[in-house]
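Reviewing the structure listed below.
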Amino acid sequence: MSVNAFSQEHLEFNGVPIDGKIETFVQKLESKGYKLVEYMGSNAVMKGDFAGNSATLFILGSKKTKTVWKVAAQFADKDSWSDLKSQYKDYKKLYTQKYGEPSDHFEFFSKPYYEGDGYELQALRKGKCNFISFYTLDAGTICVELSKSECLQLGYEDKINSEISRNEKQSTVIEDI
């Protein structure tokens, strides 16, 4: 009897596969110099340096098994729209160099805002400014985006484990109903 075993690849964050229990993943990042701030249920918050900047990491685990499925790194706020947009463009360029052209991207303002009106950061806070680029890989998706909290955010979502998270969420809903 022959058994074919294969292992599917997981997306990596800073060289660490986005896989396993949240506590184990946190320990691996701690060994790279990140500091745990707190656990919040099946999630964790850490601080450290990532991609040349001081960052706050938000690590998301599935509800039932606490399997890590997403990591988001947020850099410090910028004081001006031009600094924030410049940082976004710089990182988008770096990710494009490494992963190729984004699979999708959006860079626009919604009415009544427009670039150059002096209210770009307000538009961002209100969800009327969308600057986001997606890099779809076999192992998952990476996004470079300007977040409502006026900072650059880099998100890494593992394909396999995000499916586990969705299934756990769905089974909880089905159990409830």
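The values are calculated or read from the model by the stated rules, or taken from the named source; none is laboratory data. Source: prediction; values computed, not measured. Here the Cβ positions follow ideal geometry from the backbone for every residue, glycine too, while neighbour counts run over all protein chains shown. Surface areas here come from the heavy atoms of the whole protein model, side chains and all, with no ligands, DNA or RNA. Shrake-Rupley method; radii C 1.70, N 1.55, O 1.52, S 1.80 Å.
For Leu121, what is the net charge nearby, where nearby means another residue's Cβ is under 12 Å from its Cβ and Lys, Arg count +1, Asp, Glu -1? Write down the numbers at each step before the final one.
Details: positive: Lys78, Lys85, Arg125, Lys126, Lys128, Lys148; negative: Asp77, Asp79, Asp83, Glu115, Asp117, Glu120, Glu150.
Once positives and negatives cancel, what remains is -1.
For segment 1-88, what is the accessible area per residue in Å², given a 1.4 Å probe and the full set of protein chains? All intermediate terms of the calculation are to be shown ahead of the outcome.
Working: 4980 Å² over 88 residues.
Value for segment 1-88: 57 Å² per residue.
Identify the residues of segment 56-70 with backbone N under 18 Å of a label point that sits 7 angstrom from the Cα of Ser103 along the Cα-to-Cβ direction, or state none.
Only 69-70 pass the distance filter.
Let's test the formula: R0 of 30 Å, r as the Cβ-Cβ distance of Glu12 and Asp77. What FRET efficiency results, to the nearest 0.05?
Values: r = 27 Å, r/R0 = 0.90.
Approximately 0.65, to the nearest 0.05.
Per residue, how large is the accessible surface of segment 108-151? Use a 1.4 angstrom probe and give square angstrom.
Values: 2250 Å² over 44 residues.
Accessible area per residue, segment 108-151: 51 Å².
Identify all aspartates and glutamates with a Cα-Cα distance to Lys128 below 19 Å; exclude those on the same chain that are fewer than 8 residues away in sequence.
Counting by Cα, and skipping residues close in sequence, Lys128 has these aspartates and glutamates nearby: Asp77, Asp79, Asp83, Asp104, Glu107, Glu115, Asp117, Glu120, Glu145, Glu150.
Which aspartates and glutamates does Lys63 reach when only Cα atoms under 18 Å apart count, and residues fewer than 8 places away in its own chain are ignored?
Lys63 reaches Asp19, Glu23, Glu38, Glu157, Asp158, Glu163, Glu168, Glu175, Asp176.
Quick one: pull the percent of accessible area on segment 1-158 belonging to carbon and sulfur, 1.4 Å probe, ligands and nucleic acids left out.
Details: 4250 of 8780 Å².
It is 48 percent, rounded to a whole number.
Take the alpha carbon gyration tensor of segment 78-177, find the square roots of its eigenvalues, order them as a ≥ b ≥ c, and report rounded if a/c is under 1.5; if not, report prolate when a/b exceeds b/c, else oblate.
Working: a/c = 2.90, a/b = 1.54, b/c = 1.89.
Since a/c reaches 1.5 but b/c is at least a/b, the shape of segment 78-177 is classed as oblate.
How large is the convex hull of the C-alpha atoms of the chain per residue, in Å³?
Working: hull volume 28.7 nm³, N = 177.
Taking only Cα atoms, the chain has a hull volume of 162 Å³ per residue.
For each pair in Lys66/Lys126; Lys85/Lys111; Lys66/Lys148; Lys21/Lys47; Lys89/Lys148, compute the distance between the two Cα atoms and list the pairs where it is over 23 Å.
Working: Lys66/Lys126 32 Å; Lys85/Lys111 19 Å; Lys66/Lys148 27 Å; Lys21/Lys47 19 Å; Lys89/Lys148 17 Å.
Among Lys66/Lys126; Lys85/Lys111; Lys66/Lys148; Lys21/Lys47; Lys89/Lys148, the Cα-Cα distance tops 23 Å for Lys66/Lys126; Lys66/Lys148.
Excluding Glu30 itself, calculate the net charge of residues whose Cβ lies under 15 Å from the Cβ of Glu30, where each Lys or Arg counts +1 and each Asp or Glu counts -1.
Numbers: positive: Lys21, Lys28, Lys32, Lys35, Lys47; negative: Glu23, Glu38, Asp49.
Local net charge: +2.
By its C-alpha gyration tensor, with a ≥ b ≥ c as the square roots of the eigenvalues, how is segment 18-102 shaped: rounded for a/c under 1.5, else prolate for a/b larger than b/c, else oblate? List each step's numbers first, then the result.
On the way: a/c = 2.23, a/b = 1.74, b/c = 1.28.
Note, shape of segment 18-102 comes out prolate.
Nearest 20 debye, what's the magnitude of the dipole of the chain about its Cα centre given +1 on Lys and Arg Cβ and -1 on Asp and Glu Cβ? Intermediate results must be reported in sequence, preceding the final value.
Working: 23 positive and 26 negative charges, 44 e Å.
The dipole of the chain has a size of about 220 debye.
Return the calculated 222 nm mean residue ellipticity for the chain, to the nearest 500 deg cm²/dmol, obtained by summing -39500 (n - 2.57) across DSSP H runs with n ≥ 4 and dividing by the residue count. Don't skip to the end; give the middle numbers.
Values: 4 runs with 52 residues, N = 177.
Mean residue ellipticity, 222 nm, calculated: -9500 deg cm²/dmol.
Residue farthest toward the positive end of the dipole of segment 46-177, with Cβ of Lys/Arg at +1 and Asp/Glu at -1: which of Ile142, Trp81, Ile164?
Ile164
Around Asp83, what is the net charge, scoring Lys/Arg as +1 and Asp/Glu as -1 over all other residues with Cβ under 13 Å from its Cβ?
Numbers: positive: Lys78, Lys85, Lys89; negative: Asp77, Asp79, Asp90, Glu120, Glu150.
Counting the neighbours of Asp83, the net charge comes to -2.
With a cut-off of 16 Å, note down the residues of segment 126-148 whose backbone N falls inside the zone around a label point 7 Å from the Cα of Lys111 toward its beta carbon.
128-129
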